[in-house]
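The values are calculated or read from the model by the stated rules, or taken from the named source; none is laboratory data. It should be emphasised that the depicted structure is a prediction, and the values quoted were computed from it without experimental measurement. Every residue, glycine as well, gets a Cβ built from its backbone with ideal geometry; the counts of neighbours run over all protein chains shown.
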Amino acid sequence: MTEKKKLLFAFIGLLVAIGLMAGLYFIAKPKTQEGQKRITVTITDKDGATQSHEIATNAEYLSDALLENELVETTGTDSSMYVIAAGGIQADEANQEWWGLTIDGEMAMTGIADTPVSDGSVYAFTLNVGW
C-alpha cells in the first residue's frame, strides 16, 4: 500500500472516530428541564467567607441563570466560557486564582454553559489558589 493510501485511510478513520464521539456526546448530554426551578448558588472566597443566593429561574443552563442574576462575570463564549468573577469577587490570574464549581457536592464535569439547571440543586463556586 502506498504512503498516500495509508494517510487517506488514517484520515478517514480519524473522521469516523470524531463523528462517533460527537454522536455519543449528543446522546449522553445532560437533559435540561423546562419551567421554573429553584436553586441555591454559594460563593466562597479564598478566606472561606461564603455568600448564599436562592434563585428562581426559567433558565435551562447554569450560565443563563447566573448571568441573569448578575452573580458571575465571564470571558469567552459557550463551551469556552470561563468564570472570572463570582459574587463580585475577581479571580487574580497573576496569583493563580480560579473558580471551581461543584454541583450538589460533586465536582462539575461540564462548564457553566453546558450545565443544565436542576430544580433543588446547589451550585457552589469556590475561589482556589494555585494550579
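Give the residues of the range 1-38 that are in a loop (DSSP other than H, G, I, E, B) and either within 18 Å of the chain's Cα centre (by Cα) or modelled with pLDDT of 80 or more (or both), sorted by residue number. Within the range 1-38, Thr2, Lys29, Pro30, Lys31, Thr32, Gln33, Gly35, Gln36 qualify.
Here the range 70-129 is the region considered, the condition is being over 25 Å from Gly48 (Cβ atoms) and in a strand (DSSP E or B), and the residue that is nearest to the chain's Cα centre (by Cα) is Pro116. Within the range 104-131, the residues that satisfy the criterion of being crowded, with 18+ Cβ neighbours inside 10 Å and of a type outside the set (Gly, Ala, Ser) are Ile112, Thr115, Val117, Tyr123, Phe125, Leu127.
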